[in-house]
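In what follows, a structure is listed as structure tokens, so that the remarks can point back to it.
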Amino acid sequence: MTEELTPEERKQISEKLAESKNQREIPFNDDFDNSAQSQYQAKQEVYETLPDRMVECLDKAIEDLAKTGRLDINRINRSQRVIIEQILLAYLNNKQSFILEAPTGVGKTIISILTVNAIALWNRKDFSVGYICTSSKALQDQLDRDIQLFNLPKYQVLKGQNNYTCDQNGKPFPQRFCSNISMSKAFLETECGPTCEYLIKRFKAINSCCAVLSYHYWLSTMNFIYQYIGSNAPFTPRTISVMDECHQLSSILQDMFTVDITENYLLDLEKMQDILLYLVPPEKADVAKRANEVRQAIMEISPRLFNKELSLLETLTELELLATNLREYVMLCESAMSAYNRKHPKSDSLELRKMATMIERESNRYATIFFFLGTVKGEEEWVVRKFSKTKFNRLTVQTLKEVSLFKKHVHAFTEFTLYMSATIGDIPTFARNCGIDNYDYMYMQSDFDFSKSPIYKVQPYISLAMKDKDKAMPILMERMLAICEKLHPNDRGIIHTVNFEISQSFKEYVRLKAAQPGRYLFYDDSASKESQLEMLKHTSNGIIIGPSLIEGLDLKDDLSRFAILAKVPYPALDEFNSKRMKLVPGWYEWKTLTSFLQAIGRSVRHRNDWAITYLMDSCFNFMFKKTPLQPYIERRLQPYDINKLLYPPETEDELFDF
């Protein structure tokens, strides 16, 4: 049932929202090289240990959380408190960030909550203190359950608009019944405001002590709303930002801020021109004429832009020309729209809303292009790709140096950031790749019982390197099937094939050789992957098999008692990764290690969980030499002679029967 607010409660929230606008301290800074941290008054004192008042704040935060009876005080004192104290010390010493690698199941959520609450108490502030950013809706759901479990009314989870439905028309919230007015007015003035799930959660998140948002939501609201309207934005930078599963942030930034142009943007311009003719009065016909001239110039640029014969430099030149013309076209449309609104203040036609949407889309397009052109210094820092297999030609432009992405889109909106993940790998490499200069860090050791969770290096070794693959593949097939059928006939498990070639080869081998082929669950796309994962839950000994199972799965307890890694999960050497490997030292090794850590973490999910892992590729040994493992993982490595499984002697006499 949707929570309902009374008129008095809505009035109180409205007043608090207005009051909070005057208390937020971080103004927007156009120079993205200076983070929001520099906007705060510098803390002059350097602390060797936590001052007494911060110790009291942490004690109070723990005490408040313990009132629910759900907090493991012994575990906090045994392992978590020392971590939290180091994070708070970094905060007080004006560090930009604290980077924490903490294994699955050690209580990263508790660490986040206690850190945010202690900082809130230190600043004597109970709203607009922190964000916890997550990489998936599943993690938001998990945090929502923890918020209820620990009775944290000042925390609020808010998902993207498409996750909510309009009460009035039953459509996704972006198509809401009240789309003709702002969300603030809709919440306070409409009859459906008191029952609208999204508006209620949005306003609670705005006024929360800590808002739990997805990375996409946080990045969008900071870069596309706060950047343009500053302190009047509903969400503004806060004192602490917690970036959970931070190893994924790099990929998310690339996805969100890549220049991605398809020829259908020309259709937008055509529609905008039609609406412009409707908006512009006869006496301002020169505006429509100039806009059409600019549109024609863009249409002439487009074929050249998608021409695969153009050099990189020529493509970038055309891209700059496109952005310049797009900017002028958008400004002409905005000017005409503003003039029309002044003349017709009560007008709210569908055409106006369409124009506003298209203006926003094209504004983001040219702004992204100018960002790339202004920050990437040389040709070697670009990857430009052109596609022509779909209905419309497509162009993508990515930067190989993600430091500029982090500075522009993340650091500019944070004071103090806590980066956390179970799979950061080498932290200095992670920090260098993310442009984090002023930071402290810590590796947290796991308190899991791994006595029943060895990681076997299968011997005799075979190499799945490209030059050895053809020879090794038949041996790999035989070994993986033997592990499944002789060692784990009654267990559920997972096989990370890393690529579809191994997956398809094993599928055919299973068809010919397996005693029970139906237990092997293969997939070809994301839809069949989801259905096979669901099928796994309803089998007693199913095995999920494929190349994209490294992240996002929670195969706890007997959902997976064994895992096979068919080969080292190296990043695909496409054009982008090949260039990045050369340009960014250590990135390739770091990315491989984080993928390995993710893979071995799918099956051991809590302190008493267990699963056996098998490494089939001798190239793992080379990887371990290049990127050392944490001690708690290295201690799990053991040799396993698979010949004893494949070719067991039936009797002792048979050993000497020659």
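The values are calculated or read from the model by the stated rules, or taken from the named source; none is laboratory data. As the structure is a prediction and not an experimental result, all values here were calculated from the model. All Cβ positions, glycine included, derive from the backbone under ideal geometry; neighbour counts span all protein chains shown. We work out accessible area using only protein heavy atoms, side chains counted, and drop any ligands, DNA or RNA first. Shrake-Rupley method; radii C 1.70, N 1.55, O 1.52, S 1.80 Å.
General observations
- Accessible carbon and sulfur surface of the chain relative to its total accessible area, %, 1.4 Å: 50 percent
- Amide H contacts under 5 Å for G107, placed H, 5+ residues apart: none
- Taking a sphere under 15 Å around the Cβ of Y443 and counting the other residues whose Cβ falls inside, with K and R at +1 and D and E at -1, yields a net charge of -3.
- Long-range amide H partners of L418 with built H, under 5 Å: F98, S241, V242, M243
- For W122, solvent-accessible area (1.4 Å; no DNA, RNA or ligand), Å²: 50 Å²
- Only Cα pairs under 8 Å and 6+ residues apart enter the sum, and on that basis the relative contact order of the chain stands at 17 percent.
- Amide hydrogen proximity for S214: with H placed 1.01 Å from N in the peptide plane, the residues at 5 or more positions away or on another chain lying under 5 Å are T134.
- For the stretch 135-290, accessible area per residue (1.4 Å probe, heavy atoms of protein chains only), Å²: 43 Å²
- Per residue, in Å², the accessible surface of the stretch 502-658 once ligands and nucleic acids are set aside, probe 1.4 Å: 51 Å²
- Derived scalar couplings between HN and Hα for the stretch 621-633 equal 4, 5, 4, 5, 6, 6, 9, x, 8, 5, x, 5, 8 Hz in order, rounded to whole Hz, by the Karplus curve 6.51 cos²θ - 1.76 cosθ + 1.60 (θ = phi - 60°), x for Gly and Pro.
- Per DSSP, loop trypsin sites (Lys or Arg not before Pro) in the stretch 78-134 with at most 15 further Cβ within 10 Å: R124, K125
- Listed residue pairs exceeding 31 Å between alpha carbons, taken from K407/K556; K95/K185; K108/K159: K407/K556; K95/K185
- Segment S251..N621, full-extension length gain: 130.5 nm, with 0.36 nm per residue of separation and the alpha-carbon distance subtracted.
- Sites listed here are GluC sites (Glu not before Pro) in the stretch 251-360 whose DSSP assignment is loop and whose Cβ has at most 16 other Cβ atoms within 10 Å: E309.
- A dipole drawn for the stretch 79-136 from +1 and -1 charges on Cβ atoms has a positive end, and of A120, A102, V82 the residue lying farthest that way is A120.
- One compactness figure for the chain is 1.08, namely its Cα radius of gyration divided by 2.2 N^0.38 Å.
- Working ranking of peptides 65-74, 139-148, 527-536, 235-244 by packing, defined as the average number of other Cβ atoms within 10 Å per residue, highest first, is 235-244, 139-148, 527-536, 65-74.
- Cβ-placed point charges (K, R +1; D, E -1), dipole of the stretch 56-129 about Cα centre in debye, nearest 20: 80 debye
- For the chain, the mean residue ellipticity at 222 nm estimated from helices alone is -14000 deg cm²/dmol, where every DSSP H run of n ≥ 4 contributes -39500 (n - 2.57) and the total is divided by all residues, rounded to the nearest 500.
- Estimated FRET transfer efficiency when R0 is 22 angstrom, pair R78-Q638 (beta carbons, to 0.05): 0.20
- Counting DSSP beta bridges with both ends in the chain, the antiparallel % (nearest 5): 20 percent
- Label-reachable residues, the stretch 577-603, where backbone N falls under 20 Å from a point 7 Å from Q86's Cα toward its Cβ: 594
- Cβ-based net charge around T368, under 13 Å, with every Lys or Arg adding one and every Asp or Glu removing one: -1
- For the pair the stretch 576-608 and the stretch 223-278, the centres of their Cα atoms are 28 angstrom apart.
- Counting only heavy atoms of the protein chains and using a 1.4 Å probe, S136 has close to 40 Å² of accessible surface.
- Charge dipole of the chain (Cα centre as origin; +1 on each Lys and Arg Cβ, -1 on each Asp and Glu Cβ, all else neutral): 540 debye, rounded to the nearest 20.
- Cα centre as origin, Lys/Arg/Asp/Glu Cβ charges: the stretch 405-474 dipole, Debye: 440 debye
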